[in-house]
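The values are calculated or read from the model by the stated rules, or taken from the named source; none is laboratory data. What you are looking at is a predicted structure, and each value in this text was computed from that prediction instead of being measured. Ideal geometry is used to build each Cβ from the backbone, glycine not excepted, and the neighbour counts take in all protein chains shown.
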Amino acid sequence: MGATKTNNGNIFSKLIKQQLFIPLAALLILIIFNLIMDPSFLKITLGYNNIGNPVLSGYIIRILDNGSEVAILAIGMTLVTAASGGQDISVGAAVAIAGSVLLRVLCGSNTHPETLQAPIIVGFLVSCLVAMLFGAFNGVLVAYFKIQPMVATLILYTAGRSIAAWVNNNELPIISEASFGYFGGYIPGIPVPTPLIIAVACMVAIGLVLKFTNLRLYTQAVGINESSSKLNGLNPQLIKLLSFVILGICVAVVGLIKVSRNSTINYSVIAKDIEMDAILAVALGGNALGGGKFSMAASIIGAYVIQLLTTTLFKFKVPSDALPAYKAVVVIILVVISAPVVREWFSSMIKKFQTKEVA
Amino acid sequence: MSSKQTTSKPDGMKNGLRNMTDTNLLLTITIAIFFIMYIGAMIFLGSGFRRPQMFFSILNDNAFLIVLSCGLSIVMITRSIDISVGGITALITMCCAVYLDYKGGNVFVSLLLALAIGLAFGLFQGFLIAYLDIQPFIVTLAGMFLARGLTTIVNTNPFNVANEKFVALKNTRVIIPGLGYVTKAGKYVDAYIEIGVVVALIVVVVLFCMLKWTKLGRQFYAVGGNDQSALMLGINVKRTKFLAHLLCGLLAGIGGFVCFLHVGSGAVSNGSGAEMNAIASSIIGGTMLTGGVGNIAGTFFGVLSLSAIKKIVSSAGFDEAWYTGITVAAMLCLFLIIQSVVIARKKKH
């Protein structure tokens, strides 16, 4: 018994040091907890929705569906965090702008158009361009004016929702075109929710980019030590700017999903506090918020942990207003467990335990 | 070195600027811009701004923001951040309102309750940040979620407090002689400030002196400037960071009660966005998130600038809500760029 325990202890302490350990463990604990409370938790059923399209339903599908937005944003946020050592708190406001621009292009001057005034792809590309421009604005402030990211993005955070309202003259356009709803719902014939497909596409895209380009290496180099990366021939300012522009693309994608889900927009409510969730996802993934090394997979898992937590709380009939309090408690527990100080303390405790066993 | 000095000697103004510390330079810019803005409003927007009461009502509305911003300046000087103050404000107003109205408690105990809530948050967050070395942003983000969630658990519906003693305290006004104005009906109206403003001013003065002349105050700057060298100097870095957050929590408690005194109701929406306004005010006042630079007097003027610009935008006839957001953001942008340019130029010399 003693021998196996020492062995276990070694593996365990090695496991604890893995970055993916905390988010995966949190995910597993939450799933197990859900399974105990409700054995049908993992069940996925194929049904038909009211229009007669095949759709998958079940808690897991709902979590994967609703978690897409935060997961997509977590991709961009991870890069920004790693490169600039700070966070972008304007993503929620930027999503509002992107959504507003999208609606403006699709609806033209009419607020309730019978047919779309422009193809959806054109609308998306325009909103993508606008979101990238706003990302570049943040990026320029951070990279060239050397303003701390949180402060620089505070500008867009303050102005974003106002700009979004201004783009549409404070009106709320509604799109009745069915094909627009596909992006936030289901494409006929495909039972998987479209946001999930989009999220997976984004993950594959960023995975390919990280695999075949030097983006990961450069971003980490800039995040770890800006001046030495400069001495090695990198352009740290450009890399920082690039990370903010990539976040801009993520924002535009999320804007499309969010607007498509409701077919309309509410400037003060759309994507509210999503920046906090995205930053939380990065932090829960065990990435250093001060920049440097990062793990994209861990951030994405972090995003789904948050969604799983939210859904679990809803399942226990926690009123949505009180949700943040419970969320906060879980977050605090998670960050305390994953804090280096606490981890070291754990490791030393395990070692003590082992020596006692051996003795 | 000596040649450099001789070349710059004739240019007295430039030399003066160069010898200024970052803190004083940014403070000067803030105060100058505030006065230019306010005098501009007096000239172009006319009667409202020429009345002293306009200035006092800006103070009345933003007394709690002044207190919160002071707390944020202190944590920002020690290179940390606290985004939970707005949530704490909401929680305090709700708890105090419920206590006063449903439980029929007295005002003094409700003040103690407010301070206790603030201190509890400060204690908890400070411990996690300083001793467990967790990112301040995440800890206080959780703090914000916790406070906002607890507020709705205590009570969801906003309501006005009817407790007599409290209402009497809320309506207590400090009359400022000689600065009133005569209304169109020919009636003389005194200029006044609320109790909250007095509290805020006391807080500003006490903290200004503390940061400038006490050992703890200097330690905040040392830790924020460079925690490694602060450690070398024998400063207990962890304790200092902890105390900064504790102080911020206490100030959030005071600020929450001042807010409660001003609005007189418990509501979930109280203090919404206050954390970002407080951070913006501190930045406009010349505090830098990189730590070690900042000044409470600057923060005071930062709050005034931010509130004055909002007032100016709404008085200038742009009543659509979105103008305020855009103007405040534009001003913030302007200040940030001025700061970054000024600091960059100073470093070059």
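Give the residue that is nearest to B:LEU112 (Cα to Cα), with candidates limited to residues of the stretch B:223-243 that are touching a Leu at 6+ places or on another chain (Cβ under 9 Å) and crowded, with 19+ Cβ neighbours inside 10 Å.
At the first step, the residues of the stretch B:223-243 found to be touching a Leu at 6+ places or on another chain (Cβ under 9 Å) are B:223, B:237, B:240, B:242-243.
Filter once more, keeping what is crowded, with 19+ Cβ neighbours inside 10 Å: B:223, B:240, B:242-243.
On the way: B:VAL223: 31, B:THR240: 25, B:PHE242: 22, B:LEU243: 20 Å.
The selected residue is B:LEU243.
Among residues of the stretch A:40-54 that are hydrophobic (A, V, I, L, M, F, W, C), those with a Cβ under 9 angstrom from a residue that is assigned to a strand (DSSP E or B), sequence gap 6+ or separate chain, pair up as A:ILE44/A:LEU56; A:ILE44/A:SER57; A:LEU46/A:PRO54; A:LEU46/A:VAL55; A:LEU46/A:LEU56; A:LEU46/A:SER57. Of all residue pairs spaced 6 or more apart or on separate chains, those with beta-carbon atoms under 8 Å, a first member in the stretch B:152-176 that is over 17 Å from B:ALA90 (Cα atoms) and a second member that is loosely packed, with under 12 Cβ neighbours inside 10 Å and among the small types (Gly, Ala, Ser) are B:ASN163/B:GLY104. The residue that is surrounded by the fewest Cβ atoms within 10 Å (Cβ to Cβ), among those in the stretch A:330-342 that are facing another protein chain (nearest Cβ under 7 Å) and among the β-branched types (Val, Ile, Thr), is A:VAL341.
Table: residues versus (1) at pLDDT below 85; (2) over 30 Å from B:VAL107 (Cβ atoms).
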site	(1), (2)
B:ALA274	no, no
B:ASN277	no, no
B:ALA280	no, yes
B:GLY291	yes, yes
B:GLY298	no, yes
B:GLY302	no, yes
B:SER315	yes, yes
B:TRP322	yes, yes
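Exactly one residue among A:TYR157, A:TYR182, A:TYR144 is surrounded by fewer than 22 Cβ atoms within 10 Å (Cβ to Cβ) and facing chain B (nearest Cβ under 10 Å), and that residue is A:TYR144. The single condition from (1) over 30 Å from A:GLY160 (Cβ atoms); (2) of a type in the set (Phe, Trp, Tyr); (3) in contact with a helix residue (DSSP H, G or I) (Cβ under 6 Å, 6 or more places away or on another chain) that B:TYR192 fails is (3). Would a scan of the stretch A:125-136 turn up a residue that is within 14 Å of another protein chain (Cβ to nearest Cβ), within 26 Å of A:LEU241 (Cβ to Cβ) and either modelled with pLDDT under 85 or touching a Leu at 6+ places or on another chain (Cβ under 9 Å) (or both)? Within the stretch A:125-136, one or more residues are within 14 Å of another protein chain (Cβ to nearest Cβ), within 26 Å of A:LEU241 (Cβ to Cβ) and either modelled with pLDDT under 85 or touching a Leu at 6+ places or on another chain (Cβ under 9 Å) (or both). Tallying residues that are at the interface with chain A (Cβ under 10 Å from one of its Cβ atoms) and more than 17 Å from A:MET276 (Cβ to Cβ) within the stretch B:130-144 yields 3. Within the stretch B:117-129, can one find any residue that is at pLDDT below 90, surrounded by fewer than 15 Cβ atoms within 10 Å (Cβ to Cβ) and out of contact with any Leu (no Cβ under 9 Å at 6 or more places or on another chain)? Within the stretch B:117-129, none of the residues are at pLDDT below 90, surrounded by fewer than 15 Cβ atoms within 10 Å (Cβ to Cβ) and out of contact with any Leu (no Cβ under 9 Å at 6 or more places or on another chain). A single entry from B:ALA191, B:ALA200, B:ALA185 fulfils the requirement of being aliphatic (A, V, I, L, M) and assigned to a loop (DSSP other than H, G, I, E, B): B:ALA185.
Here A:LEU280 meets each of (1) under 27 Å from B:LEU91 (Cβ atoms); (2) touching a residue at least 24 places away in the same chain (Cβ under 8 Å); (3) surrounded by fewer than 22 Cβ atoms within 10 Å (Cβ to Cβ) with one exception, condition (3).
When A:THR312 is tested against (1) crowded, with 20+ Cβ neighbours inside 10 Å; (2) within 9 Å of another protein chain (Cβ to nearest Cβ), only condition (2) is not met. Within the stretch B:255-289, which residues are assigned to a loop (DSSP other than H, G, I, E, B), away from every other protein chain (no Cβ under 13 Å) and surrounded by fewer than 24 Cβ atoms within 10 Å (Cβ to Cβ)? Hit for the stretch B:255-289 is B:GLY264, nothing else. Annotation for the stretch B:102-121: no member residue is at the interface with another protein chain (Cβ under 10 Å from one of its Cβ atoms) and closer than 28 Å to B:MET210 by Cβ.
If only one of A:GLY233, A:GLY285 is within 14 Å of another protein chain (Cβ to nearest Cβ) and either farther than 24 Å from A:LEU133 by Cβ or touching a Lys or Arg at 6+ places or on another chain (Cβ under 6 Å) (or both), which one is it? Residue meeting the stated conditions: A:GLY285. Counting only helices (runs of 4 or more DSSP H) that sit completely within the stretch A:226-298, those holding 2 or more residues that are at pLDDT 90 or above, in contact with a helix residue (DSSP H, G or I) (Cβ under 9 Å, 6 or more places away or on another chain) and farther than 17 Å from A:SER68 by Cβ correspond to A:226-231, A:236-262. Pairs linking a residue in the stretch B:28-48 that is in a helix (DSSP H, G or I) to a residue that is surrounded by fewer than 16 Cβ atoms within 10 Å (Cβ to Cβ) and of a type outside the set (Asp, Glu), with Cβ atoms under 6 Å and 6 or more positions apart or on different chains, are B:MET42/B:ARG50; B:LEU45/B:SER315; B:GLY48/B:SER315.
Could we say that B:ALA252 is surrounded by 13 or more Cβ atoms within 10 Å (Cβ to Cβ), out of contact with any Lys or Arg (no Cβ under 7 Å at 6 or more places or on another chain) and modelled with pLDDT of 90 or more here? I'd like the intermediate steps shown before the answer.
Numbers: surrounded by 13 or more Cβ atoms within 10 Å (Cβ to Cβ): yes; out of contact with any Lys or Arg (no Cβ under 7 Å at 6 or more places or on another chain): yes; modelled with pLDDT of 90 or more: yes.
For B:ALA252, the condition - surrounded by 13 or more Cβ atoms within 10 Å (Cβ to Cβ), out of contact with any Lys or Arg (no Cβ under 7 Å at 6 or more places or on another chain) and modelled with pLDDT of 90 or more - is met.
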